Amino acid sequence: MRFHHVSLNCRDLIAIERFYTKHFGFKRARVIQLPDGRQIVFLKGGNVYLELFPAQGERPASPDMSGEGLLYPGVRGISFMVDSVDAQLAAMGEAARITFGPLDFRDFIPGWRSVWLADPEGSVIQVTQGFVDQDNPPPLPGE
């Protein structure tokens, strides 16, 4: 098994596609034309896809969010690993709308840092550097 994609509902598919292609290296992989004239766009970055859907309806008036993503059950956000958080922020310029951080997690993993950003429609994405797997993680309770 391998991870395939994250789906995003978008008010402005073009703005969202430009953001992820420009700042995170995604490229258009497939466009599916729907019978009603709308499109679904797949973007590919490495071995992961973003599937962009045209939104239907509006976001709840006051979603339960923090600067690091949604707080209620469901997908909290998506994250991208970069070589340097600072270099990524510098390259993004004004497009890097920071919602939380940057934070340093060196007490857990030397070199681990993260910052949370809003994409053009306000979805929170995490940009992180230096995360590595634990050598011997504890087993799942009960196993």
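Multiply the residue separation of ARG2 and GLN56 by 0.36 nm, subtract the distance between their alpha-carbon atoms, and state the gained length in nm to one decimal.
Full-extension gain reported as 16.5 nm.
Go through GLY67, GLY77, ASN47 and say which Cα lies farthest out towards the positive end of the charge dipole of the chain; charges sit on Cβ, +1 for Lys and Arg, -1 for Asp and Glu.
Value computed over the given set: ASN47.
Only Cα pairs under 8 Å and at least 6 apart count here; give the relative contact order of the chain as a rounded whole percent.
20 percent
Output needed for segment 68-143: three equivalent-ellipsoid semi-axes, defined as square roots of 5 times the C-alpha gyration tensor eigenvalues, in descending order, whole Å.
So the equivalent ellipsoid measures 25, 18, 9 Å along its semi-axes.
I'd like the carbon and sulfur percentage of the solvent accessible area for the chain, probe radius 1.4 Å, heavy atoms only, ligands and nucleic acids excluded. Intermediate values should be presented prior to the final figure.
Values: 5050 of 9470 Å².
Roughly 53 percent, rounded to a whole number.
How long is the gain from ASN47 to ALA90 if the chain were fully straight, where each residue apart is worth 0.36 nm and the alpha carbon distance is subtracted?
Taking 0.36 nm per residue and subtracting the Cα distance, the gain is 12.9 nm.
So how tilted is helix 13-24 from the main axis of the chain? Cα-based, degrees 0 to 90, rounded to 10.
For helix 13-24, the angle is close to 30 degrees.
Want the number for ARG30 to ILE14: 0.36 nm per residue separation, take away the alpha-carbon distance, what's left?
4.4 nm
Rg(Cα) of the chain divided by 2.2 N^0.38 Å?
For the chain, the normalised Cα radius of gyration comes out at 1.16.
Calculated FRET efficiency, ASP135 and PHE108, Cβ-Cβ r, R0 22 Å, to nearest 0.05? Don't jump to the answer; show the numbers that get you there.
Numbers: r = 13 Å, r/R0 = 0.61.
The pair ASP135/PHE108 has a calculated efficiency of 0.95.
The values are calculated or read from the model by the stated rules, or taken from the named source; none is laboratory data. Because the structure is a prediction, the values reported are computed rather than measured. We place every Cβ from the backbone using ideal geometry, glycine too, and count neighbours over all the protein chains shown. When the accessible area is computed, the model is the full protein with side chains, heavy atoms only, and any ligands, DNA or RNA have been set aside. Shrake-Rupley method; radii C 1.70, N 1.55, O 1.52, S 1.80 Å.
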